[in-house]
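The values are calculated or read from the model by the stated rules, or taken from the named source; none is laboratory data. All figures in this text were calculated on a predicted structure; none of them were measured in a lab. As a convention, Cβ positions derive from the backbone with ideal geometry for all residues, glycine included, and neighbour counts pool all protein chains shown.
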Amino acid sequence: MVTVAFLYLIPYALDKKYPRSKLEEKWQYLFPMKSISSDPRTKEKRRHHVMAQTLGRNIKVASQKANLNKRVTSHIFRHSYATHLLQADIDLRSIQELLGHKSVETTMIYTHVVSEMNKSKVISPLDF
């Protein structure tokens, strides 16, 4: 569980309507900023989510430290996630919805990758 102190940022109206909502896990950030800043409305000290550039830089540094010779980005994690979902036999419509694709044709691109990966698993009846 994420530490609750200073890790929340809830839209103002929701914060007023549900004052204890900031204690719920769904409002915690997976990647919080290192520094704490003041909310301009309430002057309350809070920790916001990490900026996209910072996350990308951290992924790059981590991949370099791991001596990975391939390009690694957060978008590649998205492709990997979709590919693994297809390998786990999750239906295309569900993956389309999860990824936010407007067209199922966009999601179908991943089926080509999975079919290429599965070619090595296909065994001829003569090989038994």
Revision key, fill the gap. By residue number, the members of the range 46-90 that are modelled with pLDDT under 85 and in contact with a Phe, Trp or Tyr (Cβ under 7 Å, 6 or more places away or on another chain) are Arg46, Arg47, His49, Val50
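Filter the range 95-114 down to the residues that are basic (Lys, Arg) and assigned to a helix (DSSP H, G or I) and list them by number. Show your work before the answer.
Initial filter on the range 95-114 (basic (Lys, Arg)): 102.
Those that are basic (Lys, Arg) and assigned to a helix (DSSP H, G or I): none in the range 95-114.
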Review point. Can you tell me which residues in the range 17-55 are farther than 24 Å from Thr73 by Cβ and either in contact with a helix residue (DSSP H, G or I) (Cβ under 8 Å, 6 or more places away or on another chain) or basic (Lys, Arg) (or both)?
Key: Lys17, Arg20, Ser21, Lys22, Lys26, Trp27, Arg41, Lys43, Lys45, Arg46, Arg47
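Anything in the range 36-55 that is of a type outside the set (S, T, N, Q) and touching a Lys or Arg at 6+ places or on another chain (Cβ under 7 Å)? List them, or say none. Outline the logic, then answer.
Here is the first cut: in the range 36-55, the ones of a type outside the set (S, T, N, Q) are 36, 39-41, 43-52, 55.
Result: Ile36, Asp39.
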